[in-house]
Amino acid sequence: MSFVGLLIGGIFYPPIGYFMLICMIAAMAYGVVKGRSWCDWMCPRGSFFDVLLKPFSRQREVPGFFSHWVFRAVWMTVLMSVLAVRLPPLWGDWYSMGKPFVTLLLVTTAVGIIFGLIYHQRIWCMFCPMGSMANMLGRKKQPLLVASGCNGCGQCEKVCRMQIYPGAYKEDGIVADGDCLKCSYCIDECPQKALRLDQ
Ligand code: SF4
Ligand code: SF4
């Protein structure tokens, strides 16, 4: 609910938009140390999707297109371009400089809600520019390990909000997907106790 308050508050008081900047920095700083674990529950928007959007989402498999790096690069370019165009004319006006951040927050959340209803509540996280940066910065941090006891039952994939299938990495013994949120849902679900996070 606090995220909804943030969105509405930002419309009437633009400096609230700086909160997005704080989240961007935090997600990337956290990413360097712990991969995408910020996106598990600390990201207010991610938590909003999990709590309020999930009951209405169709929970369908997300087409690979949405997490493809070309699509992600497009979103990163859009985000950076909006800031690059809209911030310089407002420079020095700290009150108004929050507006572009609020606009981005509103538009991207609307995109996340629309596609989240059609596909899966966490679809936005599959191409979120901040999440993509955290992916790149912390891909090898605190990796999820798969032991040889994995029997390929697929239970882990069913609970993964990022639609990752850890069992598919059994041969390598390590989940090489940088979008893993290190949430441990799959670890708790695995009947073979074949998964663990490398601390
Ligand atoms: S739940 Fe465990 S045993 Fe089943 S596929 Fe996943 S890692 Fe393997
Ligand atoms: S459920 Fe497992 S694979 Fe999926 S994000 Fe969480 S820790 Fe990573």
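Looking for whichever is in a helix (DSSP H, G or I), farther than 16 Å from Asp177 by Cβ and more than 16 Å from ligand 1 (Cβ to nearest atom) here; the options are Ser81, Ser132. Which one fits? That would be Ser81, the only listed residue that is in a helix (DSSP H, G or I), farther than 16 Å from Asp177 by Cβ and more than 16 Å from ligand 1 (Cβ to nearest atom). Total residues in the stretch 156-177 satisfying the condition of being within 22 Å of the chain's Cα centre (by Cα), modelled with pLDDT of 95 or more and more than 9 Å from ligand 2 (Cβ to nearest atom): the figure is 5.
Just wondering, is there one or more residues in the stretch 44-60 that are within 19 Å of Val111 (Cβ to Cβ), surrounded by 13 or more Cβ atoms within 10 Å (Cβ to Cβ), within 16 Å of ligand 2 (Cβ to nearest atom) and of a type in the set (A, V, I, L, M)? Looking for residues that are within 19 Å of Val111 (Cβ to Cβ), surrounded by 13 or more Cβ atoms within 10 Å (Cβ to Cβ), within 16 Å of ligand 2 (Cβ to nearest atom) and of a type in the set (A, V, I, L, M), one finds none in the stretch 44-60, hence no. Considering the stretch 178-193, the residues that are of a type outside the set (Asp, Glu) and near ligand 2 (Cβ under 8 Å from one of its atoms) include one that is surrounded by the fewest Cβ atoms within 10 Å (Cβ to Cβ), namely Ser184. Examine the stretch 30-41 for a residue that is more than 20 Å from Met133 (Cβ to Cβ), touching a residue at least 24 places away in the same chain (Cβ under 8 Å) and in a helix (DSSP H, G or I), and state whether such a residue exists. Checked against the condition, which is being more than 20 Å from Met133 (Cβ to Cβ), touching a residue at least 24 places away in the same chain (Cβ under 8 Å) and in a helix (DSSP H, G or I), the stretch 30-41 yields no hits at all.
Inside the stretch 173-195, can you point out the residues that are within 20 Å of Asp50 (Cα to Cα), within 11 Å of ligand 1 (Cβ to nearest atom) and among the aliphatic types (A, V, I, L, M)? Hit for the stretch 173-195 is Ile187, nothing else.
Rundown of residues vs (1) more than 18 Å from Ile22 (Cα to Cα); (2) modelled with pLDDT under 95, yes/no style:
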position: Trp69; (1), (2): yes, no
position: Arg72; (1), (2): yes, no
position: Thr77; (1), (2): yes, no
position: Pro88; (1), (2): yes, no
position: Ser96; (1), (2): no, no
position: Phe115; (1), (2): yes, no
position: Gln121; (1), (2): yes, no
position: Cys125; (1), (2): no, no
position: Gly138; (1), (2): yes, yes
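Identify, please: which residue in the stretch 91-105 is in a helix (DSSP H, G or I) and over 16 Å from the mean Cα position of the chain (by Cα) and is, among those, surrounded by the most Cβ atoms within 10 Å (Cβ to Cβ)? In this case the residue turns out to be Phe101. Residues of the stretch 141-167 that are of a type in the set (A, V, I, L, M) and under 21 Å from His120 (Cα atoms): Val159, Met162, Ile164. Scanning the stretch 74-125 for residues that are among the hydroxyl-bearing types (Ser, Thr, Tyr) and under 28 Å from Val51 (Cβ atoms) returns Thr103, Thr108, Thr109, Tyr119.
The values are calculated or read from the model by the stated rules, or taken from the named source; none is laboratory data. Computed from a predicted structure; not experimentally measured. No Cβ is skipped: glycine too gets one built from the backbone with ideal geometry, and neighbour counts run over all protein chains shown.
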